[in-house]
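Data first, discussion second: the structure below is written as structure tokens.
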Amino acid sequence: MKEALFLLADLWMIFAGYFYGWKFIRRYGNYLLGLEWMVVATSGSNFLLWSLLGAKSDSVLYDVAYFFDAFSRSVGITLILIMGLMKVTHRYKPSLGVDVAVFAVAVVAGLFLRHFHGADLHADRAAFSVAVFYVVVNLLTAVFLGYFVKRLWDAGARWQAIWTGLVTAAGTTIAITYDFFPLSFDDANRTIFYTAALATWGTQGFVYFRAYRALHDHNAALDANPARATETLA
């Protein structure tokens, strides 16, 4: 039963990543969010294949899994997420050069930080620092997402604001639990934890897309009716 739930959670994350990532690109031209969503989906696909092939620690898929993990935890679902959402919060439109540069930074971060995964946090000070770094950047991102929730609420998208707040809280809980608070009742492969994590990350992809769409539509309505925009700011 646990294995079936794990596979369903992973498939959900894969679907949400590719489907909504493509929608970000096709509908809104937002390559930052679109490509990051697809990175998450590719990570899930790699994780699924690794699991189905026996989940061996000496597999190249194992190393690839932790590259993607470090990629998104360090820069992807932090800096790239914030920059992508700023298109609807601040009408920020990064240049192609900025898009390429930030993904290059994420690749470098992923290649470097993946080496610290699995180290004993009590014995390895560098690994402990990396784990703290992941939590700190997640909390900083959560602060911005709190602002994003407020913008949604003020725009009248109350349900999207509530769901965004809830899924962000869940994501932060996963980030804190990941390295520092392993579940005592979990198995050696952390099946329960990863099931919860994959389900949460997939739901974040779904909820953040709908929240982005709501704020985009609100901005478009204000642009079409400047008088309403003046009333809103008054």
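Can you tell me which residue in segment 43-55 is least open to solvent (accessible area, probe 1.4 Å), limited to those that are small (Gly, Ala, Ser) and in contact (Cβ under 8 Å) with a residue 40 or more places away in the chain? Checked segment 43-55; the qualifying residue least open to solvent (accessible area, probe 1.4 Å) is 44. Being open to solvent by less than 10 Å² (accessible area, probe 1.4 Å), assigned to a helix (DSSP H, G or I), hydroxyl-bearing (Ser, Thr, Tyr) and within 19 Å of residue 140 (Cβ to Cβ) is true of residue 164.
When segment 152-183 is filtered for residues that are touching a Leu at 6+ places or on another chain (Cβ under 8 Å), β-branched (Val, Ile, Thr) and at pLDDT 95 or above, the ones remaining, listed by number, are 164, 168, 172. Against the test of being within 24 Å of residue 186 (Cβ to Cβ), in contact with a Lys or Arg (Cβ under 6 Å, 6 or more places away or on another chain) and either charged (D, E, K, R) or without any contact (Cβ under 8 Å) to a residue 60 or more places away in the chain (or both), the options 70, 65, 4 yield a single qualifying residue, 70.
Only residues that are of a type in the set (A, V, I, L, M) and out of contact with any helix residue (DSSP H, G or I) (no Cβ under 8 Å at 6 or more places or on another chain) were counted across segment 127-161, and they come to 3. Considering only residues that are small (Gly, Ala, Ser), in contact (Cβ under 8 Å) with a residue 24 or more places away in the chain and open to solvent by 30 Å² or more (accessible area, probe 1.4 Å), which ones fall in segment 170-191? The answer is 170, and nothing else. Answer yes or no: is there a residue in segment 106-119 that is touching a Lys or Arg at 6+ places or on another chain (Cβ under 6 Å), touching a residue at least 24 places away in the same chain (Cβ under 8 Å), open to solvent by less than 60 Å² (accessible area, probe 1.4 Å) and closer than 28 Å to residue 61 by Cα. There is no residue in segment 106-119 that is touching a Lys or Arg at 6+ places or on another chain (Cβ under 6 Å), touching a residue at least 24 places away in the same chain (Cβ under 8 Å), open to solvent by less than 60 Å² (accessible area, probe 1.4 Å) and closer than 28 Å to residue 61 by Cα. Across segment 129-161, the number of residues qualifying as surrounded by 15 or more Cβ atoms within 10 Å (Cβ to Cβ), among the β-branched types (Val, Ile, Thr) and over 18 Å from residue 210 (Cβ atoms) comes to 4. Among the residues of segment 75-93, those that are in contact with a Leu (Cβ under 8 Å, 6 or more places away or on another chain) and among the β-branched types (Val, Ile, Thr) comprise 78, 80, 88, 89. When segment 196-217 is limited to residues that are open to solvent by 30 Å² or more (accessible area, probe 1.4 Å) and not aliphatic (A, V, I, L, M), the one that is farthest from residue 169 (Cα to Cα) turns out to be 217. Note on segment 56-80: residues that are open to solvent by 40 Å² or more (accessible area, probe 1.4 Å) and either outside any helix (DSSP H, G or I) or touching a Pro at 6+ places or on another chain (Cβ under 9 Å) (or both) amount to 3. Among residues of segment 132-161 that are part of a helix (DSSP H, G or I), those with a beta-carbon under 8 Å from a residue that is open to solvent by less than 30 Å² (accessible area, probe 1.4 Å) and of a type in the set (Phe, Trp, Tyr) at least six positions away or on a different chain give the pairs 134/178. Residues considered: 32, 11. Of these, the only one that is at pLDDT 95 or above, assigned to a helix (DSSP H, G or I) and touching a Pro at 6+ places or on another chain (Cβ under 8 Å) is 32.
Screening 186, 179 for residues that are touching a helix residue (DSSP H, G or I) at 6+ places or on another chain (Cβ under 8 Å) and not in a helix (DSSP H, G or I) leaves exactly one candidate, 186. Scanning segment 25-42 for residues that are open to solvent by 20 Å² or more (accessible area, probe 1.4 Å) and acidic (Asp, Glu) turns up nothing.
The values are calculated or read from the model by the stated rules, or taken from the named source; none is laboratory data. For clarity, every value in this text was computed on a predicted model and none was experimentally measured. Using ideal geometry, Cβ is built from the backbone for each residue, glycine included, and neighbour counts are taken over all protein chains shown. Just the protein is used for accessible areas: all its heavy atoms, side chains included, with ligands, DNA and RNA removed. Shrake-Rupley method; radii C 1.70, N 1.55, O 1.52, S 1.80 Å.
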